[in-house]
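Worksheet: the structure to be examined is printed underneath.
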Amino acid sequence: MKHYDVVALGELLIDFTAGGISEQGNPVFEANPGGAPCNVLAMLRKLQKNCGFIGKVGRDMFGSMLRETAENAGIDMSGLRTDENVHTTLAFVRNAPGGERDFSFYRNPGADMMLSESELSIEMLENTRIFHFGTLSMTHEGVRAATKTAVQTAKKAGAIISFDPNLREPLWNSPEESRTQMEWGLQKSDVVKISDNEIEFLTGTADFYKGAAILLEKYPNIRLLNVTAGPGGSYAFYRDLQVFVPGFLLGGTIETTGAGDTFCACVLNYILEHGLMELSEEQLRRMLRFANAAAYLVTTRKGAIRSMPERCQVEDLLRNNGFESDII
């Protein structure tokens, strides 16, 4: 028996999202707590799963805000460290038509980059059913070593390894370096959530079926591969099954921050509740539809950690759109 359902490691930061124009004509930004790994945990908490986070923030107002926000969400933050000298990482998000985003990071350095191997909570890593990570904790040498040690520790203790490549090209020295670290993550993972642009970046093809086939042949350790295509829907590749479920095109999208993380959390929740050994085509379809519905709801709100929907809200969306039988 493991104490945690999911432990995640990585960046915890402030997403500054556009909030209009002030009376003086200046752009206004709203400080939204975020960071992909912690976003995933926030949604899992809405689904009543026991979660813990490992990462680092600065000893500043934003670091305090992030810790308090995550704790209020019910996430165990005993693995969060505080850097005395480096400030909390910030990201300014510009929204384009359709909800797409352009990021400007204040992270040279940022506190999340300063996590070291010696600061890892080994107890958390050895006591989780699933360990989840991304690539932003592999952009620099020190935190990269910490991430790889965490993956290996959790894996040795029997955890399912979940990985989100989460490509943010401006944070890497070169595309080659980012590809190398993404490939390392793919080699170690059981469950992968990858977006349409990331699968094209790694395989050179925009055809999801061809791209998935390339990845699954190269990385036979991947037991479940999910591809997200924004409003276009999502795909699951599991053994010899290939399942597609369209997205919810209901309007009202404000921004897409946290949508992929919400989707990822719902997939991990399904694995926690149904296992990863014998999933049927119908189960995969239900898993994707629930994840798509939750991800859509997040796009109608600002921010991520504080904007995750309740299970009942996702179920209401499914029920109101004729998918009552898919409620899980």
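Calculated FRET efficiency, S78 to I21, Cβ-Cβ distance, R0 = 30 Å: about 0.15 to the nearest 0.05.
Per-residue Cβ neighbour counts within 10 Å put H3, H140 in the sequence H3, H140, beginning with the fewest. Listing S174, S78 from fewest to most neighbouring C-beta atoms within 10 Å gives S174, S78. In order along the range 274-281, phi translates into HN-Hα couplings of 10, x, 10, 8, 9, 8, 8, 4 Hz, rounded to whole numbers, per the Karplus curve 6.51 cos²θ - 1.76 cosθ + 1.60 with θ = phi - 60° and x for Gly and Pro. Dipole magnitude for the chain: about 380 debye, using +1 per Lys or Arg Cβ and -1 per Asp or Glu Cβ, origin at the Cα centre.
Along the axis of the charge dipole computed for the chain (Cβ charges of +1 for Lys and Arg, -1 for Asp and Glu, origin at the Cα centre), the listed residues G55, A145, F323 are led at the positive end by F323. Based on the alpha-carbon gyration tensor of the range 255-328 and its eigenvalue square roots a ≥ b ≥ c, which shape applies: rounded if a/c is under 1.5, prolate if not and a/b is larger than b/c, or oblate? Taking the square roots of the gyration eigenvalues as a ≥ b ≥ c, the range 255-328 is oblate. Proximity of backbone amide H atoms, modeled 1.01 Å from N, is registered between H132 and V7, A8, L9, S162 at under 5 Å, excluding neighbours fewer than 5 places apart on the same chain. Projecting the Cα atoms of L241, T256, L276 onto the charge dipole of the chain, computed from C-beta unit charges around the Cα centre, puts L276 farthest toward the positive end. Take each peptide in 260-269, 80-89, count the other Cβ atoms within 10 Å of every residue, and average; sorted highest first, the result is 260-269, 80-89. Using only Cα coordinates, the Kirkwood hydrodynamic radius of the range 98-218 works out to 15.4 Å.
Were the residues from I327 through I122 laid out at 0.36 nm apart, the gain over their Cα-Cα distance would be 70.2 nm. Shape class of the chain from the alpha-carbon gyration tensor: rounded, with the ratio a/c of largest to smallest axis under 1.5.
Pairs over the 31 Å Cα-Cα cut-off, from the set K56/K302; K56/K156; K188/K302; K188/K210; K148/K210; K46/K156: K188/K302. GNM remark for the chain: springs join alpha carbons under 10 Å apart, and the peak mean-square fluctuation among L66, L186, L202 falls on L202. For the range 157-221, a simple Cβ point-charge model (Lys and Arg +1, Asp and Glu -1, everything else neutral) yields a dipole of about 160 debye relative to the Cα centre.
When you count the other C-beta atoms within 10 angstrom of each residue and take the mean per peptide, 284-292, 187-195 line up highest first as 284-292, 187-195. Among bridges DSSP assigns within the chain, what percent are antiparallel (round to 5)? Of the beta bridges lying entirely in the chain, close to 40 percent run antiparallel. With each label modelled as a point 7 angstrom along the Cα→C-beta vector, the Q48-A229 pair spans 3.5 nm.
Placing one equal scatterer on every Cα of the range 181-224 and applying the Debye formula, the log10 ratio I(q)/I(0) at q = 0.13, 0.14 Å⁻¹ is -0.23, -0.26. Among 35-42, 215-222, sorting by the average number of other beta carbon atoms lying within 10 angstrom of each residue, highest first, gives 35-42, 215-222.
Here, each number is a calculation from the coordinates, and none is a lab measurement. Values in this document were obtained by computation on a predicted structure and should not be read as measured data. For neighbour counting, all protein chains shown are included, and Cβ atoms are generated from backbone atoms with ideal geometry for every residue, glycine included.
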